[in-house]
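Visitor: The structure that follows is given in the form of structure tokens.
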Amino acid sequence: MKKALVLGATGGMGYSLVEELVGRNIETIAFGRSQQKLQENKEDWGPLASIMVGDALNKNDLKEAISKADLVFHSINIPYEKWDPTLLTILTNILEECHSQNKPFIYVDNIYSYGRHSNLVTEDTQKNPHTKKGNFRLKLINEIKKSGVPYLIAHFPDFYGPKADNTLLQYTFEQVLKKGKGGYVGDPTIKREFIYIKDGANALVELALRDDTYNESWNIPGASTITGEEISVIASQYLNKDVKFSKVTKWMIAMIGIVDPSMREYVEMTYLNETPVILSGSKYEQRIGPVPRTPYEVGVVNTLISLAK
């Protein structure tokens with residue numbers, strides 16, 4: 001049985017990847033910088049997960065971790081303001097070591113490189129980013145493709161769910177639990193796509209364990225599209241009280257950005273709240289099978305339960 005390495009295991013997707021892998025009886029190394037967070041998470045993951053404290057900017061740390069695994073999952077993310085050049089440095093370090101050790105590389109990516117699209121986006125849709133961050137993500141993708149490393153790139157919409165820290169919906173849900181109402185980034189009447197983070201991990205691990213899925217990109221969509229108003233109804237029904245969402249506008253984000261570097265960087269991505277990018281899962285469905293799709297009625301409640309603990 002293959003042994004997996006999850007880089008960025010203290011993040012939301014990293015946590016869920018480790019959980020999914022050990023749930024399939026696969027020994028997994030959870031790699032991250034925080035001993036405390038890794039140790040806390042290991043209590044959830046169980047004995048098939050081992051933890052390794054390290055820094056992906058340290059080539060010796062990566063060399064040791066990658067040498068112990070057969071599959072390398074890269075789910076590391078950092079605050080927007082630190083992306084360039086740190087994310088590129090991290091990616092280069094990982095790819096160089098995967099190439100040296102002949103290990104396949106599995107990459108968690110977002111939808112930024114597609115740019116603005118009004119139609120359903122497939123893997124064949126031309127990537128035409130119009131933002132700084134979209135162009136940077138495309139640059140990372142190109143580095144992967146020319147690395148000579150067997151790769152698998154998965155594009156996901158915005159995550160939500162247990163452990164999905166620092167996401168748009170988590171921001172909203174945390175406010176709801178504290179105040180009974182929450183700010184919702186974007187127009188709450190526009191249908192958008194979110195993916196329950198455990199579904200994303202499920203789909204990605206399924207791809208990674210196959211031999212015929214590499215050197216390709218894959219779109220992993222959410223359960224469906226949904227409005228903020230519809231999410232508030234689900235939250236209201238679960239909490240047994242009327243939950244209202246207030247619109248957080250681009251102007252409001254820009255004002256917060258005066259003192260918050262991450263919010264300042266997010267301003268250019270607000271187009272996703274105005275003309276959402278919606279992913280097609282047709283390739284996955286045709287080649288692999290049904291895309292994991294937890295209904296929002298289940299996912300939202302599970303998220304609220306997790307945040308309330």
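Visitor: Quick check, is ASN77 polar (S, T, N, Q), touching a Gly at 6+ places or on another chain (Cβ under 7 Å) and under 25 Å from GLY134 (Cβ atoms)? Explain how you work it out, then say what you get.
Guide: On the way: polar (S, T, N, Q): yes; touching a Gly at 6+ places or on another chain (Cβ under 7 Å): yes; under 25 Å from GLY134 (Cβ atoms): yes.
So ASN77 fits the description; yes.
Visitor: In this structure, does LYS283 turn out to be in contact with a Phe, Trp or Tyr (Cβ under 7 Å, 6 or more places away or on another chain) and among the basic types (Lys, Arg)?
Guide: Values: in contact with a Phe, Trp or Tyr (Cβ under 7 Å, 6 or more places away or on another chain): yes; among the basic types (Lys, Arg): yes.
Taking the combined requirement at face value, the residue satisfies it.
Visitor: Do we have any residue at all in region 175-198 that's touching a Leu at 6+ places or on another chain (Cβ under 9 Å) and surrounded by fewer than 17 Cβ atoms within 10 Å (Cβ to Cβ)?
Guide: yes
Visitor: Could you say whether any residue in region 252-267 is under 19 Å from the mean Cα position of the chain (by Cα), farther than 30 Å from LEU209 by Cβ and either among the acidic types (Asp, Glu) or assigned to a strand (DSSP E or B) (or both)?
Guide: Yes, there is a match, as at least one residue in region 252-267 is under 19 Å from the mean Cα position of the chain (by Cα), farther than 30 Å from LEU209 by Cβ and either among the acidic types (Asp, Glu) or assigned to a strand (DSSP E or B) (or both).
Visitor: Can you find, within region 27-46, the residue that is surrounded by the most Cβ atoms within 10 Å (Cβ to Cβ) among those that are within 21 Å of the chain's Cα centre (by Cα) and not in a helix (DSSP H, G or I)?
Guide: Step one: of region 27-46, the residues within 21 Å of the chain's Cα centre (by Cα) are 28-34, 37-38, 40-42, 44-45.
Filter once more, keeping what is not in a helix (DSSP H, G or I): 28-34.
Values: THR28: 27, ILE29: 23, ALA30: 29, PHE31: 32, GLY32: 24, ARG33: 17, SER34: 13.
It comes out as PHE31.
Visitor: Another one. Kindly evaluate LEU279 against the criterion of being hydrophobic (A, V, I, L, M, F, W, C) and within 18 Å of ASP165 (Cα to Cα). If you could, list the steps in order and put the result at the bottom.
Guide: Working: hydrophobic (A, V, I, L, M, F, W, C): yes; within 18 Å of ASP165 (Cα to Cα): no.
Answer is no for this residue.
Visitor: Then there's this: Does any residue of region 236-255 turn out to be surrounded by fewer than 15 Cβ atoms within 10 Å (Cβ to Cβ) and over 26 Å from GLY180 (Cα atoms)?
Guide: No: region 236-255 contains no residue that is surrounded by fewer than 15 Cβ atoms within 10 Å (Cβ to Cβ) and over 26 Å from GLY180 (Cα atoms).
Visitor: Condition test on GLN170, is it over 17 Å from THR270 (Cβ atoms) and either surrounded by 19 or more Cβ atoms within 10 Å (Cβ to Cβ) or under 12 Å from the mean Cα position of the chain (by Cα) (or both)?
Guide: Answer is yes for this residue.
Visitor: Then there is this: Within region 111-126, can you find the residues that are surrounded by fewer than 19 Cβ atoms within 10 Å (Cβ to Cβ) and within 12 Å of PHE156 (Cβ to Cβ)? Full working, then the answer.
Guide: We begin by selecting, within region 111-126, every residue surrounded by fewer than 19 Cβ atoms within 10 Å (Cβ to Cβ); these are 116-120, 122-126.
Result: no residue meets the conditions.
Visitor: I would also like to ask the following. For region 212-227, state whether one or more residues are among the charged types (D, E, K, R) and either at pLDDT below 95 or more than 20 Å from LYS283 (Cα to Cα) (or both). Walk me through how you get there before you give the answer.
Guide: At the first step, the residues of region 212-227 found to be among the charged types (D, E, K, R) are 212, 216.
From what's left, either at pLDDT below 95 or more than 20 Å from LYS283 (Cα to Cα) (or both): none.
No, because not a single residue in region 212-227 is among the charged types (D, E, K, R) and either at pLDDT below 95 or more than 20 Å from LYS283 (Cα to Cα) (or both).
Visitor: Look through LYS127, LYS103, LYS132 and report the one residue that is of a type in the set (D, E, K, R) and either within 18 Å of the chain's Cα centre (by Cα) or more than 23 Å from PRO276 (Cα to Cα) (or both).
Guide: Numbers: LYS127 fails: either within 18 Å of the chain's Cα centre (by Cα) or more than 23 Å from PRO276 (Cα to Cα) (or both); LYS132 fails: either within 18 Å of the chain's Cα centre (by Cα) or more than 23 Å from PRO276 (Cα to Cα) (or both).
Result: LYS103 is the single residue among LYS127, LYS103, LYS132 that is of a type in the set (D, E, K, R) and either within 18 Å of the chain's Cα centre (by Cα) or more than 23 Å from PRO276 (Cα to Cα) (or both).
Visitor: If you take just the helices (runs of 4 or more DSSP H) that sit entirely in region 136-244, which of them hold at least 2 residues that are more than 28 Å from VAL22 (Cα to Cα)?
Guide: Numbers: elements: 168-179, 197-208, 228-239.
Qualifying helices (runs of 4 or more DSSP H): 168-179, 228-239.
Visitor: Would you mind finding the one in ASN77, ASN93, ASN102 that is within 28 Å of ASP212 (Cα to Cα), modelled with pLDDT under 95 and of a type in the set (S, T, N, Q)?
Guide: ASN77
Visitor: State which residue is surrounded by the fewest Cβ atoms within 10 Å (Cβ to Cβ) when the search covers only region 58-82 and only residues that are in contact (Cβ under 8 Å) with a residue 60 or more places away in the chain and in a helix (DSSP H, G or I).
Guide: Pass one, region 58-82, residues in contact (Cβ under 8 Å) with a residue 60 or more places away in the chain: 65-66, 68-77, 79-81.
Now narrow it down to the ones that are in a helix (DSSP H, G or I): 65-66, 80-81.
Working: ALA65: 20, ILE66: 21, TYR80: 18, GLU81: 14.
Taking the candidates together, the pick is GLU81.
Visitor: Looking only at region 125-135, decide whether some residue is touching a Gly at 6+ places or on another chain (Cβ under 9 Å), touching a residue at least 12 places away in the same chain (Cβ under 8 Å), in the same structural domain as GLY14 (by TED's automatic domain parsing) and basic (Lys, Arg).
Guide: yes
Visitor: Evaluate region 159-167: report whether one residue or more is closer than 21 Å to LEU304 by Cα and β-branched (Val, Ile, Thr). Give the steps one after another, and end with the answer.
Guide: So in region 159-167, the residues closer than 21 Å to LEU304 by Cα come out as 159-167.
With the extra rule that they be β-branched (Val, Ile, Thr), the set shrinks to 167.
Yes: one or more hits.
Visitor: Could you check region 274-309 and list, in sequence order, the residues that are of a type in the set (Gly, Ala, Ser), under 17 Å from the mean Cα position of the chain (by Cα) and assigned to a helix (DSSP H, G or I)?
Guide: GLY299
The values are calculated or read from the model by the stated rules, or taken from the named source; none is laboratory data. From a predicted model like this one, the values you see are computed outputs, not experimental measurements. For neighbour counting, all protein chains shown are included, and Cβ atoms are generated from backbone atoms with ideal geometry for every residue, glycine included.
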